[in-house]
Amino acid sequence: MEHFLGGLGILIPIIAVSLPAIIIWIVFVYESRNKKNKYNTIIEVSKNLSDPEEIRELIESLTDDKKKSPVDLRRSGVITIFIGAGLFMLGRIAIGGILEGVGALVALIGIGQMVAGYIYPNQSEEINKAVENFEKK
């Protein structure tokens, strides 16, 4: 029994150290499968389409949404502020001073995001996109 526990005592740190690499590997494998399936779908559907404009619209609809939709800094700023406030209160009530500092830092980052959201609004990009879609028709 002691031999088993000794072996387990060595195995647990090895697994703990390698676990982040394993998680990253799993994410990359599934992400590459997802992209491969997406491209195969585009190829299969484009074989049945004859109009090049329809193919172009299909490809644009299947591209990454991160590139199309800009980040709303005001919304993410509010979320970050409340996360920071929650961390600050958790540190104040339960854990201690170090978590209060982390919570205050996160809240200040959220305030910075909100300020950036008001300085650089996303509305101009949305208006440009609507104008371009109207000019296509």
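The values are calculated or read from the model by the stated rules, or taken from the named source; none is laboratory data. Predicted, not measured: the structure shown is a model, and the values here were computed from it. Cβ sites come from the backbone with ideal geometry, for glycine too, and all protein chains shown count toward neighbours.
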### Query
List the pairs whose first member sits in the stretch 30-58 and is part of a helix (DSSP H, G or I), whose second member is among the small types (Gly, Ala, Ser), and whose Cβ atoms are under 9 Å apart, counting only residues at least 6 apart or on separate chains?
Glu54/Ser46; Ile55/Ser46; Leu58/Ser46
### Query
For Ile12, are the conditions met, namely being modelled with pLDDT of 90 or more and either assigned by TED's automatic domain parsing to the domain that holds Leu58 or aromatic (Phe, Trp, Tyr) (or both)?
no
### Message
Being in the same structural domain as Asn133 (by TED's automatic domain parsing) and among the acidic types (Asp, Glu): is that true of Glu2 here?
### Response
no
#### Entry: Test: residue in the stretch 117-125 that is outside any helix (DSSP H, G or I), surrounded by 13 or more Cβ atoms within 10 Å (Cβ to Cβ) and modelled with pLDDT under 75
yes
### Task
Collect the residues in the stretch 85-100 that are surrounded by 13 or more Cβ atoms within 10 Å (Cβ to Cβ), over 26 Å from Asp72 (Cα atoms) and among the small types (Gly, Ala, Ser), keeping them in residue-number order.
Gly91
### Residue satisfying condition, being out of contact with any Phe, Trp or Tyr (no Cβ under 6 Å at 6 or more places or on another chain) and at pLDDT 80 or above, within set Ile23, Ile43
Ile23
### Of residues in the stretch 60-78 being assigned to a helix (DSSP H, G or I) and exposed (fewer than 13 other Cβ atoms within 10 Å of the Cβ), the one modelled with the highest pLDDT
Arg75
